[in-house]
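Okay, so here's the structure we're looking at.
The values are calculated or read from the model by the stated rules, or taken from the named source; none is laboratory data. Bear in mind that the values here come from a model prediction, so they are computed numbers and not experimental data. Cβ: placed from backbone, ideal geometry, glycine included. Neighbour counts: every protein chain shown. Quick note on the areas: whole protein, heavy atoms, side chains included, nothing else; ligands and nucleic acids left out. Shrake-Rupley method; radii C 1.70, N 1.55, O 1.52, S 1.80 Å.
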Amino acid sequence: MRQLRAWFLRLAGLFNKDQRDHELASELEFHLQMHIEDNLRSGMNPEEARRLALIRLGGIESTKENYRNRRGLPALETLLQDVRYSLRMLGKSPGFTAVAVITLALGIGVNTGVFTVINGLLLRARVDKDPGSFIHLSPQYSGQAKEFGQPGAISLSDFRSFQAGTHTLSDLAAWAITRVKLGEGFDKELALLVTRNFFSVYGLEQPKLGRLFLADECSTSGAAAVVILSEEIWRNRFGADPQIIGSVINLNRHPFTVVGIVPAHFSGRLRGMGIWIPYTMQPQVSLWDRNLFQEIGTPWLMVDGRIKSGQSHSAVQAELEVMAKQQDRLQPGRTTRMILTNGSMIEEPALRAKVFWVSPLIMGALSLVLIITCVNVTVLMLSRAAVRQREVAIRLALGVGRGRLLRMLLTESLILAGAAGVISAYLAYQVPKIFERTFAEAPNYPLQPDWRVFAYLTAVTMLAGCIAGWAPALESLKVNLLASLKGCESVFGAGTTRWRAGDVLIAAQVAMSVVLLATAGLFMRAQYTMINADPGFESKQVLLVPLEMELPHFPAGSATSFYRTLERRVRAMPGVQAACYASSPPGSSGEEAAMEEVRLPDQPKGTEKPVALNSVSPDFFETFRIPIIAGRTFLESDAPSQSTAPVIVASETFARTFWPGDDALGKVIEDSRGSRLRVVGVARDTKSMFGALDNLRFYYLWKPQTSGYSLMVRFVGDARPAAKAVRNVIRDLDHEMTAYPRTLRSLMDEVVARFWVVARMILFLGVVALVLAVIGVYGVVAFTVSRRTKEMGIRLALGATPGQIFRLVLESGAKPILAGLVGGLILAMVGAEAMVRVLREIPVPLEAWDPLAYLAISTALSGSAMTALLGLAQRAKKVDPMVALRYE
């Protein structure tokens, strides 16, 4: 306690300095007078008595200084002195201070703003209310069980068992994703099938209008056709109609009564704009032609919950693992590994591997922008270091330690970074708003800054301050005292042939800019390829017509009759050249393409390869003008029977992969179910619809008695009258069916437009990097030229020509530019290869080794930098020798 009291007294002394100094002076004067009186009583004269008293006290001022050191906190006092001095110095140069702060705020703010978005998308739970108690169940099944819905789904039986038996969870809710056609719209909206307590688990107690689901509406299959809409859909699709509650809307042709409207930005808006349906309505609105309430062992539900007060995450884990083992006993051959997450995307086992490298790629690119801005501020501070060289030399000559001086100089850069950090905190709130406006239809994410964002902001601010100030501070200490006191020393050591600090800065800026520009160039090339590449099939003159058929609406045999009738009537239309059916368009990839694992019959299990497959009618290849290079296409007689094996048409790559150097016709492969498929034809390879190289692919004959096919029509002339005519034919056959014929090219253009949003952001970063790099190059070379003015005057006086001076300036700037260009290209190629591997699952034709892109960015960057140098070189060669010799 005594030590704590002494510390507080010292701290108080810092903030009551005048009072403490007055008390100290009075006390020392008292002791001095006492010593003088003692000396006078011993017979000394007054002058001798005072002199000996001062000697005994050790000197008034030195005693005061020693006492101040003992009573205060020297390190803190020194820091406060540095801060006050730095603020005075920065206040004397408002222009420099403003430019430095704004430049740093650009780099720090953009970095922090994007990190805020990534934090909300990947690292945080999808709830705003009490995220600490929120959990998500993501069990992993092995053995005979297979997930039917999303990865991590559980069965209805498991959910009911967990919900009834848990003692560590206060609530457990389930949901599943489906697609519904809202009203007479053409496109399907993503919707959620949810349990009654879904809204309370996601933090909503009261809706904006109406009510939430009741218990009896979510108790039995098909119990209630009710729906809850988000405020966004209520406003956009229904004009914010205040009488919406109780009205009836159609979802997938089924009437549903609107019972509630939830507020905008509700945490439970997990998919799209927001439509919530009782999960008991799954048989009526689900994508799957199955009643999963009769298949209670099929996993299809995603489950979230809330930890009960007083319980821990480990207690919930242990309890659910016990219950999962009990459920496994009811399903022989199944083994469950229970995984609990906090609800964030990064903790989801099925997504972790896909998104893990996305964040480092994005933040790595933004970090390059931050470093480039720091380098620009470093250049500004180096110029100040040159101006303050005489001041530094005087301080060193008076005995100030270099460590003390280094700390004083670094304090300035940290103050600049701190001011930029305050501005960046504002950007951390604004960038997420821009993201929400840009992607208004995206799911809801908690994008408001949290402790992670402010910790990141603090770390980035400190790092930026150190990066920007370390080199100038060190350079300031590299002084020749005698020369600097005379004002004759150059901060870069002009006239030497070694690499100067400015050369290193130029090379670093150019290298980092090359990396960012190369990334932007690869995305621009991908954009160009997506627009102009030939996918290998007809896309501009083919209509794609999804047919939303439901088997209950078409009894046995009626679906086949509908397909045949529709095809016959469409073929009879003027301008129609061909028509076919397929489960997906040619070149489909990602979620649109069905996948199958196949192997050769003599290969062991476990050696299967994933391939894309497409179920097509016989006229598919004629419709899309895909050549058959060997064998034949399908015949109606190829329909599989008990006595014949199904036949397939393989792509060129497929045939080449499984039977290299051999004829694929007549060969047999085996699928994951053990069925054997015989090759009767080989079709020309196609690319994906977006220009990327296609996967292994094969085609098999369609089954017209099932649903899920799309009509595809090749026509001549304008697409609009053809689309209208096809839509009228479909309405004549089924007035409830809404069809929306579109050309494949228009679908591809939509994807290109969405990709352009991302490409434009990356291009913006590249342009910012280019501008900053050119400014940095110009600043460094201009500063170097200004410091070498006297040298140039001497050269001119000794007979050098203006052309030689011009060449000298260009060579001094071109050397680090060339070094940075070479180093940046190497880094860009390595980074591009890593980026392509991380993004290999997206259907975009990114190519790591694109010589045209690298040539373009090298030309743009070097041309811009050399243009900046030309002006400086032109100015340098016009130096008057007499003026230059008097420059310093």
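If the condition is being of a type in the set (A, V, I, L, M) and in a helix (DSSP H, G or I), then the range 211-241 contributes A215, I233. Restricting the search to helices (runs of 4 or more DSSP H) fully inside the range 361-479 and requiring at least 3 residues that are within 20 Å of L87 (Cα to Cα) and at pLDDT 70 or above gives 402-438, 451-477. If you check E596, E608 for being within 37 Å of the chain's Cα centre (by Cα) and more than 20 Å from K703 (Cβ to Cβ), only one passes: E608.
Within the range 834-854, the residues that satisfy the criterion of being open to solvent by 20 Å² or more (accessible area, probe 1.4 Å), in a helix (DSSP H, G or I) and either under 15 Å from R525 (Cβ atoms) or modelled with pLDDT of 80 or more (or both) are V836, P851, L852.
Looking only at the range 623-637, residues that are surrounded by 15 or more Cβ atoms within 10 Å (Cβ to Cβ), β-branched (V, I, T) and free of Cβ contacts under 8 Å to residues at least 60 places away in the same chain come to 2 in all.
Please verify whether F198 is of a type outside the set (A, V, I, L, M), under 17 Å from P443 (Cβ atoms) and in contact with a strand residue (DSSP E or B) (Cβ under 9 Å, 6 or more places away or on another chain), treating the condition exactly as stated. Yes: the conditions hold for F198.
In the range 294-309, the residues that are of a type in the set (S, T, Y) reach residues that are open to solvent by less than 10 Å² (accessible area, probe 1.4 Å) with C-beta atoms within less than 6 angstrom, at least six apart or across chains, in these pairs: T298/S155; T298/L292. Any idea how many residues of the range 213-224 are buried (at least 18 other Cβ atoms within 10 Å of the Cβ) and without any contact (Cβ under 8 Å) to a residue 60 or more places away in the chain? Result for the range 213-224: 1. Selection over the range 732-769 of residues that are open to solvent by 40 Å² or more (accessible area, probe 1.4 Å) and in a helix (DSSP H, G or I) gives a count of 14. Beta carbons closer than 8 Å, at least 6 apart along the sequence or on distinct chains, pair a first residue in the range 540-561 that is over 20 Å from R727 (Cβ atoms) with a second that is modelled with pLDDT under 85 for L551/D289; L551/A559; L551/T706; L551/S707; A556/Q705; G557/Q705; T560/P704; T560/Q705.
Output yes when any residue across the range 226-247 is over 27 Å from Y445 (Cβ atoms), in contact (Cβ under 8 Å) with a residue 12 or more places away in the chain and hydroxyl-bearing (S, T, Y), and no when none is. No; the residues of the range 226-247 include none that is over 27 Å from Y445 (Cβ atoms), in contact (Cβ under 8 Å) with a residue 12 or more places away in the chain and hydroxyl-bearing (S, T, Y).
Picking from residues in the range 705-731 that are part of a helix (DSSP H, G or I), more than 23 Å from V180 (Cα to Cα) and among the charged types (D, E, K, R), the one that is most open to solvent (accessible area, probe 1.4 Å) is R720. Restricting attention to the range 638-675, the residues that are open to solvent by less than 40 Å² (accessible area, probe 1.4 Å) and in a strand (DSSP E or B) add up to 8.
Looking at I244, is it assigned to a loop (DSSP other than H, G, I, E, B) and open to solvent by less than 10 Å² (accessible area, probe 1.4 Å)? So I244 fits the description; yes. Could you look through the range 174-190, keep only residues that are open to solvent by 10 Å² or more (accessible area, probe 1.4 Å) and either in a loop (DSSP other than H, G, I, E, B) or of a type in the set (S, T, N, Q) (or both), and pick out the one that is modelled with the highest pLDDT? Per the stated criteria, the residue is G183. Checking each residue in the range 566-577 for being assigned to a helix (DSSP H, G or I) and either within 16 Å of K724 (Cα to Cα) or at pLDDT below 90 (or both) picks out L566, E567, R569, V570, R571. The strands (runs of 3 or more DSSP E) found entirely in the range 256-337 that carry 2 or more residues being surrounded by fewer than 16 Cβ atoms within 10 Å (Cβ to Cβ) are 334-337. Filtering the range 804-812 for residues that are at pLDDT 80 or above, in contact with a Leu (Cβ under 8 Å, 6 or more places away or on another chain), outside any loop (DSSP other than H, G, I, E, B) and hydrophobic (A, V, I, L, M, F, W, C) leaves an empty set.
Looking across N236, N250, one residue alone is modelled with pLDDT under 90, farther than 24 Å from D171 by Cβ and over 35 Å from the mean Cα position of the chain (by Cα). It is N250. Of the helices (runs of 4 or more DSSP H) contained entirely in the range 62-173, those carrying at least 3 residues that are modelled with pLDDT under 85 and open to solvent by 20 Å² or more (accessible area, probe 1.4 Å) fall at 74-92, 94-118.
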